[in-house]
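Before any comments, here is the structure.
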Amino acid sequence: MTTLNEAEVTPQRAITVGTLALQLLTADRGGLEIEIPADTQLDTSIALGASVKGGVLRFASLEDRNAAAAADALARLGDPPFDEQALWTMARDLWRREIGNADMASGRFLAAVHSSASVLRIATSRITSPRDVFEALHLVEATLPYLETVDLIDVITLCDAERPHTTNDLAGGAFYHALSSWFGSKPASARHMVEMLLDEPHHTRGDLLGAAWMAWFSADQHASVTRLLEADTQSGLAAVHAVTCWIAGRMLAEPSLLADLAPALEAPILRRINGEDAVQRRAGLRAASAVLHLRRAFDEGLRGRITSGDQEAAGYVAQALWHNDDALLQAGIFFEWLQLCVGLGEGSERAIDDLDFSLSRLLRPDSAHVESVLEFLEAWVRAHLGSTKGKCEFADRFDACTRAMLSHQLLLSRVFTRWMLADGQATANAAAGMVSNARVDGDIAIEFDPAVLDTATEADLLYLVKRMLGFLIEAKQMLSLSLSLLKLRNANARVFPLLRWLLYEQLGYDHPRTTSDVLRKRAGQETDADIKELLGGIAARLEADMAALQALPRLRELEVPMTLRRDFAKARSKVMQRSMREAQKQSVIAQLATQIHIKAGETSFQHMGEAWSEPMHFASHSVSFEMPRREVLDPLGNAYRRLQLRTTKRGST
């Protein structure tokens, strides 16, 4: 119950139910009770759905409260002709206080004035920018349920005005859904609208035509389908054919569709799938893929297009797999169609994004489809990636799948081990890209999967670690992977000789200090005496080597001159500042907040409203990356060595 401060109510002897309803809506969006202010006399002459008890006014329902509030708002507006600006402002103020309500006082208010001031015409006149169009459409949506009749010409004019601003926007879809719902209760108006749009076809009115036709279809399937087939056959305009094909697909997706009408609706879609005209074929592919989970009539045509290399057909199927994944999985045909999407590549980014999201949901540990998804991902990698592609291309294209694998340790280990162990560079490149930004000192531990390597030969293990050295560069990642080999069966005989070479001659040479520290820490945690001795011995050798190097005299002749070091530092600082400026341009906070550049100082403060925050001291921040020793001493030679490791053959020494 809402209690109003008496000061908020204009002192008067009489107060109406509508006034209190309007004040209640302002104070409590869903409230139904409000105290009657003292020193006022409630006028109950118009109090339908309201009752008074103990000084409290209570409405029976939200509809009753909103009807009273709308009546009060209308009384405040005065007699027609209305001031359109005042009318629109009052409606907007009501609407923004009831967003999400099932019943809208703003809609009731605008419906009450519609006969004198057409809401559709006012909304059309106010659409001048993308910001205005959303407000106008929201208010029209709120009003439609309370309108019995509208001027269909006004509807067409409004749709023509909003179309440039809402193409591919959810707001446009919500508006046409509201229109279709309104036409659904008025099939005669829906049919009349269809005929008007067919008499003067326009390529931007497809959504309106679809909304009206589907509303007509819900009332009279035979008449609406017959007219659709007539329009498709008789019209010579490609724009009309594209819309009729799309509408036929929507009708086929309706559960209430009469069985005898289905073949007639399927015919124009099949004709377009195999047609020569690209625009018409695209419309057929879109309509066919939209009912992929419901009908098998288009399977042969879709498969034929995809196997012939039609990327658009594969893209539409990929989007159908995303939209209707649950239904296709239940029907047992999801992965049958998924394999046909392996060819998706350049130019199919949106379809790949949709597919990526759907597949990431199937990579849960409890999912029965993990292996099927991994089979597809590996096939896609082999088809599109290779030694010339960027290491992170797979991780960028299938970022949702990559995150799903990174969040499950066992799955990540399995995929990484399989792809590194497989022949060819494509899978190893993709595996390296998946873990390129993973930190082993956080929640993610990068390890080889012992189950995959259980039957691996000595040649397989050597091949695996060579590829690891060639494709990865992060020392802690490679050390974590190397030490995970100790979990293999019969590690003393199979792994120890390999680890002596790997940890001392390879990782120990490039990263002596890091390797020594990691081995010492791991040796201290081990209970197995043989492993403790192996790791401790390698760490001791590395420390002895570093001590011997540290004891050598430094040659000042080989030091970089101070002038060059200073010039390099200045140049690097400029590059970093330029990079930060470019990054800040994309910052949401930078776009919303006012920026004040501090010329000097070691503290900062904030000003919010009339208050000033306490000073905050700046702290230095830097990010460092450990470079391999070979990269510092001989970058060209190291690049050649890494290339040899990436291209190594199984069984080579």
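The values are calculated or read from the model by the stated rules, or taken from the named source; none is laboratory data. Since the model is a prediction, treat every value here as computed from it, not as a measurement. Cβ: placed from backbone, ideal geometry, glycine included. Neighbour counts: every protein chain shown.
Data for the structure
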| read-out | value |
| --- | --- |
| Candidates 451, 445, 431, filtered to the one that is among the aliphatic types (A, V, I, L, M), at pLDDT below 90 and touching a helix residue (DSSP H, G or I) at 6+ places or on another chain (Cβ under 9 Å) | 445 |
| Meets criteria (assigned to a loop (DSSP other than H, G, I, E, B), touching a Lys or Arg at 6+ places or on another chain (Cβ under 9 Å) and farther than 20 Å from residue 510 by Cβ) for residue 460 | no |
| Residue list for segment 135-151, filter: crowded, with 16+ Cβ neighbours inside 10 Å and either more than 26 Å from residue 63 (Cβ to Cβ) or in contact with a Ser or Thr (Cβ under 7 Å, 6 or more places away or on another chain) (or both) | 139, 142 |
| Filtered residues of segment 358-372 (kept if loosely packed, with under 15 Cβ neighbours inside 10 Å and touching a residue at least 40 places away in the same chain (Cβ under 8 Å)) | 364, 365 |
| Segments classed as helices (runs of 4 or more DSSP H), wholly inside segment 343-404, with at least 3 members that are over 22 Å from residue 468 (Cβ atoms) | 349-361, 370-384 |
| Of the criteria (1) under 26 Å from residue 406 (Cα atoms); (2) surrounded by 16 or more Cβ atoms within 10 Å (Cβ to Cβ); (3) in contact with a helix residue (DSSP H, G or I) (Cβ under 9 Å, 6 or more places away or on another chain), which one residue 474 fails | (3) |
| Check on residue 415, within 40 Å of the chain's Cα centre (by Cα), over 30 Å from residue 548 (Cα atoms) and β-branched (Val, Ile, Thr) | yes |
| Single match in 171, 223, 212 (criterion: under 21 Å from residue 249 (Cβ atoms) and in contact with a Phe, Trp or Tyr (Cβ under 6 Å, 6 or more places away or on another chain)) | 212 |
| Residue ranges of strands (runs of 3 or more DSSP E) in segment 1-90 with at least 3 members modelled with pLDDT of 80 or more | 33-35, 50-53, 56-59 |
| Long-range neighbours under 6 Å by Cβ, at least six apart or interchain, first residue in contact (Cβ under 8 Å) with a residue 24 or more places away in the chain within segment 160-181, second in a loop (DSSP other than H, G, I, E, B) and surrounded by fewer than 19 Cβ atoms within 10 Å (Cβ to Cβ) | none |
| Selected residue (criterion: nearest to the chain's Cα centre (by Cα)) from residues of segment 58-91 that are over 18 Å from residue 145 (Cβ atoms) and charged (D, E, K, R) | 84 |
| Answer residue from segment 470-527, given it is among the small types (Gly, Ala, Ser) and in contact with an Asp or Glu (Cβ under 7 Å, 6 or more places away or on another chain) and is nearest to residue 630 (Cα to Cα) among those | 475 |
| Criterion (free of Cβ contacts under 8 Å to residues at least 24 places away in the same chain and of a type outside the set (Asp, Glu)) met by exactly one of 466, 521, 487, 476 | 521 |
| Qualifying positions in segment 283-300 - surrounded by 19 or more Cβ atoms within 10 Å (Cβ to Cβ) and part of a helix (DSSP H, G or I) | 283, 284, 285, 286, 287, 288, 289, 290 |
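Conditions tested, residue by residue: (1) surrounded by fewer than 19 Cβ atoms within 10 Å (Cβ to Cβ); (2) in contact with a Lys or Arg (Cβ under 9 Å, 6 or more places away or on another chain); (3) at pLDDT 95 or above; (4) polar (S, T, N, Q).
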residue: 347; (1), (2), (3), (4): yes, no, no, no
residue: 374; (1), (2), (3), (4): no, yes, yes, no
residue: 399; (1), (2), (3), (4): yes, no, no, no
residue: 407; (1), (2), (3), (4): yes, no, no, yes
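Here is a yes/no grid of residues against (1) farther than 28 Å from residue 138 by Cβ; (2) surrounded by fewer than 14 Cβ atoms within 10 Å (Cβ to Cβ):
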site: 20; (1), (2): no, no
site: 41; (1), (2): yes, yes
site: 56; (1), (2): yes, no
site: 61; (1), (2): no, yes
site: 65; (1), (2): no, no
site: 71; (1), (2): no, no
site: 77; (1), (2): no, no
